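Only one structure is covered here, and it is reproduced in the block below.
The values are calculated or read from the model by the stated rules, or taken from the named source; none is laboratory data. Quantities reported herein were computed from a predicted structural model and do not represent experimental measurements. FYI the Cβ positions are ideal-geometry reconstructions off the backbone, even for glycines, and counts take in every protein chain you see. For the accessible areas, the whole protein counts, side chains as well, though only heavy atoms, and no ligand, DNA or RNA atoms are used. Shrake-Rupley method; radii C 1.70, N 1.55, O 1.52, S 1.80 Å.
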Amino acid sequence: MGRLATGVIGLAVAAWAGSGVALAQAPKKINVGDVAPIAADWPHFVAQDKGLYQKEGIDPQVTYVGNVANTVQQMVGGSFDIAVSTFDTAVRAIGNGADAVLIGGVVVKYPYSIMAAKEIGKVQDLKGKQIILPFQKDLLTIVWNKWVREQGMQPADIDQVYDGATPNRFAALTGGRVQAALLGQPFDFRAADQGAKTLLDIGAYAKDYGFLTLLAKPKWLADNPDTARAYLRALSAAVDWIYDEANRDEAIAILAKGTKLDQQSATRTYDYFVKTLHPFSHKLAIPQNIVDATAKILVEIGDVKEPALAGKKLVEAGYLPK
């Protein structure tokens, strides 16, 4: 009887192993720091919803912290394995000694506009009024200041206040607390529906600069090369899926769910992103011209010393999908 029981158990174990269940491993957790659930996070929403992370055997745990400075600081401090960062915040951090490298380009065109209250017809109407921007030394703020000077005004003519999260800036504008705000899709569409006007299309004006990159510490990459590659493959596959117009309706639904916004705004965002802007980088490639232009402007404004960047490795492209 004992031998029979043992044989039965052995057959059951063999069958279980043959089915692949016994060989299955728990997904590898990745701690990811991000700012807020906005349209720029669309590849993440898709990778999660369509099982692309699961297919790669990973389980990214995304924490939204409100601004990119926090994502980078906490990644460098060890709280996150990967940080979602603006290109300028990432290059600034590395230039000032952070032990990190850019490992992927996510959004390489700025999907942002300066939206103004309906009574604002031109930038001169903002004199003595308030605009809300991400933070003082954000590249988008620098671009805004440059454009304001080109219009014959000084940035100081307009009172600047700051908040790193697009939903908060949207609330400030539509709530009447400020008269202009930097907004990304689909919040700019929603603001327009409530009477706001587009004062400046950042994507059309600032063509030499990219928006979001992924940042990690070299040691974490060396210790977790397969995990890093799996994460980047999943996001790359999500970008391809978004750009496939056969997936239009489902992509819109996923965006609406991820950003908690209405179907109409999500639809308009899809049409703008997929048919016009093409902000997401294929294969998550990191354009060198964006890195160079970003480093150049940071040196010009004194945020980074040129010698600090000399010979510094800013990009590690070895983990990107082929």
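Any idea what the relative contact order of the range 193-308 is, in percent, if you count C-alpha pairs under 8 Å spaced at least 6 apart?
Details: 45 pairs, mean separation 33.8, N = 116.
Relative contact order of the range 193-308: 29 percent.
Taking the longest Cα principal axis of the chain as reference, the axis of helix 139-150 is set at about 20 degrees.
Here the convex hull built on the C-alpha positions of the chain has a volume of 157 cubic angstrom per residue. The residue list I252, W144, I132 was ranked by how far each Cα lies along the charge dipole of the chain toward its positive end, using unit charges on Cβ atoms, and I252 comes out on top.
Given only helices, namely DSSP H runs of n ≥ 4 each adding -39500 (n - 2.57), what is the per-residue ellipticity at 222 nm of the chain, to the nearest 500 deg cm²/dmol? Per the formula, -13000 deg cm²/dmol.
Identify which of I290, I301, I82 has the largest mean-square fluctuation in a Gaussian network model of the chain, with springs joining Cα atoms closer than 10 Å. Result for the chain, Cα springs under 10 Å: I301 fluctuates most. For the pair E150 and H278, label points projected 7 Å from Cα toward Cβ lie 2.3 nm apart. Ordered from highest to lowest accessible area with the whole protein assembly present and a 1.4 Å probe, S79, S281 read as S79, S281.
For D201 and Q25, the difference between the fully extended length at 0.36 nm per residue and the C-alpha to C-alpha distance is 58.7 nm.
Computed with a 1.4 Å probe over protein heavy atoms only, the accessible surface of the range 227-293 comes to 42 Å² per residue. Simple point charges give the picture: +1 on the Cβ of Lys and Arg, -1 on the Cβ of Asp and Glu, and for the range 96-248 a dipole about the Cα centre of about 220 debye.
The charge dipole of the range 283-322, taken about the Cα centre with unit charges on the Cβ atoms of Lys, Arg (+1) and Asp, Glu (-1), comes to about 240 debye, rounded to the nearest 20. The simple spin-label model puts a point 7 Å past each Cα toward its Cβ; for D208 and D303 those points are separated by 1.5 nm.
By DSSP, the beta bridges lying fully in the chain are antiparallel in about 55 percent of cases.
Here the calculated FRET efficiency for A222 and D157, from their Cβ-Cβ distance with R0 = 35 Å, stands at 0.10, rounded to the nearest 0.05. I want to check a number: in the range 179-320, how many lysine pairs have alpha carbons closer than 18 Å, given a sequence separation of 8 or more or different chains? Taking the range 179-320 as the scope, the lysine pair count is 10. Close amide H contacts of L200 (hydrogens built in the peptide plane, cut-off under 5 Å, sequence separation of 5 or more or a different chain): I114. Of the trypsin sites (Lys or Arg not before Pro) found in the range 209-286, those in coil by DSSP whose Cβ has at most 10 other Cβ atoms within 10 Å are K260.
The convex hull around the C-alpha trace of the range 189-259, projected and averaged over every direction, spans 7.7 square nanometres.
Simple point charges give the picture: +1 on the Cβ of Lys and Arg, -1 on the Cβ of Asp and Glu, and for the chain a dipole about the Cα centre of about 280 debye. For V123, the accessible surface of its heavy atoms amounts to roughly 10 Å² (probe 1.4 Å, protein chains only, rounded to the nearest 10).
Does the range 94-203 classify as rounded, prolate or oblate by the C-alpha gyration tensor (a ≥ b ≥ c root eigenvalues; a/c under 1.5 gives rounded; else a/b over b/c gives prolate, otherwise oblate)? Don't jump to the answer; show the numbers that get you there.
On the way: a/c = 1.98, a/b = 1.46, b/c = 1.36.
Verdict is prolate for the range 94-203.
Quick check: Cα centre of the range 91-168 to Cα centre of the range 238-310, how many Å? Measuring centre to centre over Cα atoms gives 17 Å.
Given 0.36 nm per residue, what is the gain on full extension from N289 to D262 after removing their alpha carbon distance, in nm? Mind showing how you got there, number by number?
Working: separation 27, 0.36 × 27 = 9.72 nm, distance 3.59 nm.
Answer, rounded to one decimal: 6.1 nm.
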